[in-house]
Amino acid sequence: MEARSDEAEPGPQLEEVVLRASHLASSQLLPYVRLLVRLIEGFELSRRELVELLARALRQRGLAFRSRRDYVLAFLHQHPP
């Protein structure tokens, strides 16, 4: 279906990003992240520990933690017109 020229183009859309532990645990980048943690922090984490750490660090927070105004301003700051 083609968009008609008299219709307004849709604005930027926020897409949902879901972080699942199963996807994180099977990531091909995990060994490299483990290596970086060992080189930078000086200690080694098991694969399970690293997955738990990343899942906690990357956990999404809902809109309830920020006002709608703050959420919109942050989005506009990241995606200027």
Only one residue in 21, 55, 3 is modelled with pLDDT under 60 and closer than 30 Å to residue 75 by Cβ, so which one is that? 3
Failed condition for residue 77, given (1) modelled with pLDDT under 85; (2) out of contact with any helix residue (DSSP H, G or I) (no Cβ under 7 Å at 6 or more places or on another chain): (1)
Would you mind telling me which numbered condition in (1) touching a helix residue (DSSP H, G or I) at 6+ places or on another chain (Cβ under 9 Å); (2) at pLDDT below 80; (3) of a type outside the set (S, T, N, Q) residue 45 fails? (2)
Does residue 24 satisfy the criteria of being touching a helix residue (DSSP H, G or I) at 6+ places or on another chain (Cβ under 9 Å), free of Cβ contacts under 8 Å to residues at least 40 places away in the same chain and assigned to a helix (DSSP H, G or I)? yes
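The values are calculated or read from the model by the stated rules, or taken from the named source; none is laboratory data. Since the structure is predicted, the reported quantities are computational estimates derived from the model, not experimental observations. Because the Cβ atoms are built from the backbone with ideal geometry, glycine has one as well, and the counts that use them run over all protein chains shown.
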